[in-house]
Amino acid sequence: MALELQLVNEELFRPYGALVQPATLHPLRVNAGTALRHDVTSFDRDQRSSSRLIASVFETQPQALPLSIDLLERHPYSQQAIIEMSGADFVLAVCLPDGNGDPELGSLRAFLFPRGSGVIYHRGVWHTPIIGTGKTGRFFVQSWQDGTASDCLETAIARHLIYLSGQAGM
């Protein structure tokens, strides 16, 4: 199956989560006026008593389009924030869960995100790992975790090809 890459926007992404776009946030002047703080959102607490908020930095190798995906992951107990930090565009494919929590592949979409942006996935949304484009990427990632395999569930899916408009025949 082929997925045409779409430039992300708030309306298209809303079913899957929220966009992080610092240019659209209302900053607060802090640190004696020497900095601007951009509050993105508050995270819902994971209800598992043993979970803790984990902050990580991911480094991705660039991948060329068109590209093939055959794996999705989800975080059933936590929202997840991913914010690009290195000035690289990136791609994410997302998919809603069905009534059993499995991927509803009819909702699978692929989005191109501009550098400096990010996402906060709704709890349980299926998504690809981060796909960096153009150059090595660095991403701030935050989610609630308790250190068990249930923090991040993975599933194989039928191969899908993500392409830019005009690349479908490649």
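The values are calculated or read from the model by the stated rules, or taken from the named source; none is laboratory data. In this text, all values refer to a predicted model and were calculated from it rather than measured experimentally. Cβ atoms come from the backbone with ideal geometry, glycine included; neighbour counts cover every protein chain shown.
Per-structure values
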item: Residue tally, condition at positive phi and hydroxyl-bearing (Ser, Thr, Tyr), over region 107-164; result: 0
item: Region 34-52: number of residues that are in a loop (DSSP other than H, G, I, E, B) and at pLDDT 90 or above; result: 3
item: Residue in region 121-128 that is closer than 18 Å to Met1 by Cα, touching a Lys or Arg at 6+ places or on another chain (Cβ under 6 Å) and not acidic (Asp, Glu) present; result: yes
item: Subset tally (residues that are free of Cβ contacts under 8 Å to residues at least 60 places away in the same chain and within 19 Å of Phe140 (Cβ to Cβ)) for region 24-57; result: 10
item: Filtered residues of region 23-60 (kept if loosely packed, with under 14 Cβ neighbours inside 10 Å and within 16 Å of the chain's Cα centre (by Cα)); result: Thr41, Ala55, Ser56, Val57, Glu59
item: Elements of type strands (runs of 3 or more DSSP E) in region 85-170, at least 3 residues being loosely packed, with under 15 Cβ neighbours inside 10 Å and touching a residue at least 60 places away in the same chain (Cβ under 8 Å); result: 153-163
item: Considering residues of region 67-84 that are more than 22 Å from Ser143 (Cα to Cα) and surrounded by 15 or more Cβ atoms within 10 Å (Cβ to Cβ) only, the residue nearest to the chain's Cα centre (by Cα); result: Ile69
item: Hits in region 82-107 - residues which are out of contact with any Lys or Arg (no Cβ under 9 Å at 6 or more places or on another chain) and under 14 Å from Cys152 (Cβ atoms); result: Ile82
